[in-house]
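The values are calculated or read from the model by the stated rules, or taken from the named source; none is laboratory data. Since the model is a prediction, treat every value here as computed from it, not as a measurement. FYI the Cβ positions are ideal-geometry reconstructions off the backbone, even for glycines, and counts take in every protein chain you see. Protein only, heavy atoms only, side chains kept; ligands, DNA and RNA dropped before computing areas. Shrake-Rupley method; radii C 1.70, N 1.55, O 1.52, S 1.80 Å.
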Amino acid sequence: ARTQTLKTLWLSRNRLGDEGATHLAGGLQHNTSLAKLDLSANNIRGEGLKRVAHSLKANPSFRSLCAAFNWVGDTGGLEVAMALKNLCNLQEVDLSG
């Protein structure tokens, strides 16, 4: 089933970790309406965030990812950028902290 009504999802400071990020990624695979996702301060590492980014790469509505204050690292940041590079409406990716 496709989710077509969710536009913004704020999950900051929920201690999702990589396991939670992986479950979230599975749920976002078929979403085509999400425009903003905030995963800041969730103890997510590069691998978990990469999975989320890959789940978003087919979403034409997606515009903003905030994943600040996680443990992404340089390699994880590059993988996220590669996963999201073809999203024509993407305006912001925050991996600071």
* Asked: Going by the conditions given, is Lys7 loosely packed, with under 13 Cβ neighbours inside 10 Å and closer than 17 Å to Val93 by Cα?
  -> yes
* **Considering residues of segment 19-76 that are aromatic (Phe, Trp, Tyr) and open to solvent by 50 Å² or more (accessible area, probe 1.4 Å) only, the residue nearest to Thr8 (Cα to Cα)** => Phe69
* Asked: Any residue at all in segment 70-90 that is part of a strand (DSSP E or B) and in contact with a Ser or Thr (Cβ under 6 Å, 6 or more places away or on another chain)?
  -> no
